[in-house]
Amino acid sequence: MQVFNTYFRLVQRKKRLILMYIIIFTAIAVVMMKVSTQDENLEKYTRRSVKISVIDRDKSSLSKSLKAYLTDQNEMVSIPDKEKRIKDELYWRNVEYVLIIPENFQQLLEEGQKVDVISKKIDDAVNAVYVDEEIKLFMSLFSLYQSADYSVEDAIGHVEKDVAHEVLVNTVTKEDGESAFKVANEGQYYFQYVPYVLVSVCILAISCILAMFYQEDVRKRCICSSMKLKDQNQQLVLASLLFSFGVTILFIIIGIVVTKGELLGQINLLFYSINALAFMFVSIALAFMLANLFHSETALNGCSNVFSLGFCFLGGIFVPLWVMPDSVVTFAHFVPTYWYVQANDAVSYMTRVTSPFLKEFFLNVGVQMCFAVALLSIGLVVSKKRRVFS
Amino acid sequence: MQTVVKINNLVKRYGDLVALDHFNLEIMEGEIFGLLGPNGSGKSTTIHCLLSLLEYDKGDIKVFGEEMKPDSYHLKKDIGIIMQNVAVFDRLTVEENIDYFCGLYIKDKKKKKELVQEAIDFVELNDFKKFYPKKLSGGLLRRLNIACGIAHKPKLIILDEPTVAVDPQSRNNILEGIKRLNKEGATIIYTTHYMEEVEQICTRIAIMDKGKSIAVGTKEELKSMVKTGETIQVDVPKLMENQLEQISKLPHTKKLSYENEVLHVQYTKGKHNLIRLLDYFREQDIAFGRVTSELPTLNDVFLEITGKELRDQ
Ligand SMILES: Nc1ncnc2c1ncn2[C@@H]1O[C@H](COP(=O)(O)OP(=O)(O)O)[C@@H](O)[C@H]1O
Ligand SMILES: [Mg+2]
C-alpha cells in the first residue's frame, strides 16, 4: 500500500489548510443557520397564511377542489381576472400570491397532456414556497392516482382525503413538537452549505495530491517501476474515496452537533446524508478532472475558489434562485449544486416519506450522479491523452 | 558477457518527423554505455521507447534477453531510471521521496528501510534527510533524483542527461557516483550532449545524429576512425604572413589559425608533426613559448562525420 500510504502522508501535509477550511465553513454554516432560522421562527411554527387569490378559468371539479384546499390553508382574496388588476393588486401587496388555473385544465390532464397552473407572486414572498409546495403536493398526488387508473372523480376524492391527512400530520407535529419542524429547517440550512466546503476541500486536497502523482516526470518514474500501474491507480482511487468519505461523514457529524443532536431521531437526517454523499461523488469527479487538467498548485487553488463559489452562487446555495433572473435559473440546471439544493429542499419540507417525495429526491440525486459520471469521463479522456509523453 | 539491451531497427515517428530512423544498439553487461548526440538527435526518444513509455512504429527491443513491453514488470524491477528533469514530490522530504520510489519496487518494509538508507549514504545526503526538495541546491537535488532511481539496486541504470544545468563540482561528484555504481555491478546507459562526460566515464559510446547511430565504439576506436589527428597550440609572439604560409605547407597540416599571439595547427593523422613544427621554428629563428598538443576530441569525430559541430546547435 505504498501509494495509499503516501497519499495520506500528503494529506497530512495539507492538514492545516484543510482544517482551516473546515473551521471557517462550520462557522459560516452555523451563523447562516442561526440567522436564517431566527427571523422566520415565528412564521414557521404558525405559518402565517398567505393572501392568495385563485383565478379559476376552468371551473372543473379538479380546479374547485384545488381552490378549496388552498382556501383551507390560506387567506382568500378575490380579485377580477384582469391582467392589469392582478399586477396592481400584487404591487400594492393586497395579495401575495395569484394562482391562475387555465381553461380546460382538468380535461387536458385527463387526456394525459401536460398542463401547468400559472403562479404569480410578490418578489419577497417568503411564504410563497409553502403555497408552491401545497400546489405541488396536490398535483403530484392527483397525477399519482390518475396514473393508477382512478377516474377523475375518484382521484380527486382520494387526493382530498390525503391532503386532509397531510394537514393533520402537519398540525400534529406543530402541536406536540414544534421542534421537529424547526430542526428540519436548521438541518436544511446547514446541509445547504455542505457542497461549498466539499468542493473546496476536495479540490484543495484530492486535486492537489493527484496532480503531484500526475506530474509528467514523477509519473514516468512510477510507470517504469515494477508495481502494476493498475495497482497504483487503484490505490489512488481508494485513498481519494476514503478521504472524501471521511470528510463527508465529518460534516454530517458536525451537522448533528450544531443542531444539538436533534436531527438524530429524524428520518430527514438519512436523506440529507444520502444527498451529501451523492454530492461527494460529484466533488471527487470534479477534483479528478481538474487534477488532469491543471498541474500547478496555484492553478488548482484558483480552481477551488472558482468552482466552490461559482457552484454555490449559480446553484442557489448562497442566494435563493427565486431572486435571480430567469436566464440564471435556466443556466443553473447545468450546475450540480442546483440539483443538490432541490433535493435538500425536498428533504426539508418532507414530514413523511411518500412516494412522490422519494421520486423527487432520487431524481435530483440521480442527476447529481450523472454529473459525477460526466466529469469523471472528461477526466479519463484527458488522462488517456496525457499518457503519451513528449 | 551477456547482452543487456538490444535494439533492432527501431523506427519512431512523430507525425512527419522521423525521430528514430532504423536505430540499432547493443549494450553488454558491465558497460557504461554513452549515448552522445546534440539536442534533438533522439536520445530521449530512444530511452522512452526502451522503457515502453512510448509506442514505436517499427523494430524490436529486448532487455535482459526478453522483449520489453509495457507490462514487463519482471524486467522493470531490475531497471532504474533517472531522467533529465528532477522527478520528485515537492511535499515529501528527501528520505520520504526515496522511500516512496523504492517502495514501488520493494514490498518488504525492513529491506526497504535498509535500501533507502544505503541510497542516502551513497549520494551523501545524510545531513539533508528531513529537507524538502525546494530547500536543496541544484546539485543536491540532482543527487536526490539519482537516489530515487537507484535505491532498489537495479541491474540496469538509465540516466538521461542527468547533469544538465549542474555546477562542475556536482557534476564530477555525479560522474564519480556513476562509476561506483558500475563497479558495484550495474550496467549503465548514459545519454548526454557533453562529450567531456562520455570521454570521462564511458567504456563504449554511440554517437547519434538525426535519429541514427552514426558511429559506435570505445573513444579510442572512434578517434581512430577519423582522419583528424592532433591539434598543436603554440604561443608565438610574432609570425610573418609568409611564415604562416610555409607552416601550412608542412606535411599533414589540415587547418591553421593565428590569433592573439597563439598559433593553432590541426593535423591529419601522421607522425612527428610536433617535431617538424618545432624544427621549422628553430630554422627560422622564431621565438616561441608554451606548447601544448591535444588529441582529437569526439567533437572532431562528430564534425568529420556529420560536417557540423556537436555543440551549440
Ligand atoms: N512528443 C513529441 N512530439 C513531436 N516531436 C517530438 C516529440 N518529442 C520529441 N520530438 C522531436 O523528436 C526529435 C528527438 O527528440 P529527443 O528524443 O527529445 O532528442 P534528444 O533527447 O536527443 O534531445 C526532436 O526533433 C524533437 O523535436
Ligand atoms: Mg533529451
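The values are calculated or read from the model by the stated rules, or taken from the named source; none is laboratory data. Small disclaimer: the values here were computed from a predicted structure and weren't measured. Note: ideal-geometry Cβ built from the backbone for every residue, glycine included; neighbour counts use all protein chains shown. What goes into the accessible areas is simple: the full protein's heavy atoms, side chains included, and nothing from ligands, DNA or RNA. Shrake-Rupley method; radii C 1.70, N 1.55, O 1.52, S 1.80 Å.
General observations
- Rounded, prolate or oblate (a/c below 1.5 giving rounded, otherwise prolate when a/b exceeds b/c) for segment B:241-287 by Cα gyration tensor: oblate
- Counting, for every residue in B:71-84, the Cβ atoms of other protein chains within 10 Å of its Cβ and taking the mean gives 3.
- Segment B:222-286: trypsin sites (Lys or Arg not before Pro) in DSSP loop, at most 16 other beta carbons within 10 Å: B:K227, B:K238, B:K269, B:K271
- For segment A:47-164, the carbon plus sulfur part of the accessible surface works out to 49%, probe radius 1.4 Å.
- Radius of gyration and maximum dimension Dmax of segment A:261-390, Cα, Å: 16.9, 59
- Of B:D160, B:D279, B:D90, the one that fluctuates the most in a GNM where chain B has Cα springs shorter than 10 Å: B:D279
- Pairs from A:K384/B:K69; A:K59/A:K114; B:K129/B:K155 whose Cα-Cα separation, in the structure shown, is over 21 Å: B:K129/B:K155
- Alpha-carbon Rg/Rh ratio, for segment A:196-307, with Rh computed the Kirkwood way: 1.08
- Other-chain or far-sequence residues with amide H under 5 Å of B:G229's (modelled H): B:Y267, B:T268, B:K269
- Peptide B:100-111 - average C-beta neighbours from other chains (10 Å radius): 4
- Accessible area of B:E309 in the full protein assembly, 1.4 Å probe (Å², nearest 10): 90
- The Cα atoms of segment B:10-157 give a gyration tensor whose axes a ≥ b ≥ c have a/c of 1.5 or more with a/b greater than b/c, which makes the shape prolate.
- Sorted into 10 angstrom bins from 0, the C-alpha pair distances of the protein assembly as shown split as 3, 12, 16, 15, 12, 10, 9, 8, 6, 4, 2, 2, 1, 0 percent.
- Residues of segment A:320-344 with amide N under 17 Å of a point placed 7 Å along Cα→Cβ from A:K359: A:343
- Over chain B, DSSP H runs of length four or greater, each weighted -39,500 (n - 2.57), average out per residue to a 222 nm ellipticity of -10000 deg cm²/dmol.
- Angle in degrees between helix A:267-293 and the longest Cα principal axis of chain A, rounded to the nearest 10: 40
- Highest-fluctuation residue, A:V323, A:V347, A:V54 considered, GNM on chain A with Cα pairs under 10 Å: A:V323
- Chains A and B, summed buried accessible surface - 1.4 Å probe, Å², nearest 100: 2800
- Peptides B:64-77, A:199-212 ordered by average Cβ neighbours within 10 Å, highest first: A:199-212, B:64-77
- Formal net charge of residues neighbouring A:V323 (Cβ-Cβ distance under 10 Å; K, R +1; D, E -1): -2
- Whether segment A:1-149 is rounded, prolate or oblate, judged on the alpha carbon gyration tensor where a/c under 1.5 counts as rounded: prolate
- C-alpha long axis of helix A:2-13 to longest principal axis of chain A, angle in °: 70
- Cβ neighbours within 10 Å from other chains - mean over B:236-249: 0
- Accessible area per residue for chain A is 47 Å², calculated with a 1.4 Å probe on protein heavy atoms, without ligands, DNA or RNA.
- For segment B:108-169, trypsin sites (Lys or Arg not before Pro) are listed when DSSP marks them as loop and at most 16 other Cβ atoms sit within 10 Å of their Cβ; the list is B:K129, B:K130, B:K155.
- Distance between the pseudo-spin-label points of A:S296 and A:K384 (7 Å out from Cα toward the beta carbon): 2.9 nm.
- Amide H contacts of B:I189 (H built 1.01 Å from N, in plane; Pro and chain starts excluded): B:F33, B:I157, B:I158, B:L159 sit under 5 Å, all sequence-distant by 5 or more or on other chains.
- Nearest 10 degrees, 0 to 90: helix A:229-258 Cα axis against chain A principal axis: 40
- Selected from B:L303, B:L115, B:L250 as most flexible by GNM, with chain B as the system and alpha-carbon contacts under 10 Å: B:L250
- Taking every C-alpha pair closer than 8 Å and separated by at least 6 residues, the mean separation divided by the residue count of chain B gives a relative contact order of 20 percent.
- What the phi angles of segment B:227-235 give under the Karplus curve with 6.51, -1.76 and 1.60, with θ = phi - 60°, is a coupling list of 7, 4, x, 7, 10, 10, 10, 10, 7 Hz, glycine and proline written as x.
- Spatially, segment B:1-60 and segment A:222-248 are offset by 32 Å when compared through their Cα centroids.
- Computed over chain A, the P(r) tail beyond 36 angstrom holds 35 percent of alpha carbon pairs.
- Over all distinct Cα-Cα pairs of segment A:107-158, the Kirkwood formula returns a hydrodynamic radius of 12.4 Å.
- Loop GluC sites (Glu not before Pro), segment B:168-236 (other Cβ atoms within 10 Å of the site Cβ: 14 or fewer; DSSP): B:E184
- Hypothetical label at B:Q200: residues of segment B:151-181 whose amide nitrogen lies under 17 Å (7 Å Cα-Cβ projection): B:159-181
- Backbone HN-Hα couplings from phi across segment A:116-123 [Karplus 6.51/-1.76/1.60, Hz, Gly and Pro as x]: 10, 6, 10, 10, 10, 9, 6, 4
- Relative to its residue count, chain B spans a Cα convex hull of 165 Å³ per residue.
- Computing FRET efficiency as 1/(1 + (r/R0)^6) for B:N299 and B:V262, where r is the C-beta to C-beta distance and R0 is 22 Å, gives about 0.70.
- The listed residues A:L17, A:L10 rank as A:L17, A:L10 when sorted by accessible area, largest first, using a 1.4 Å probe.
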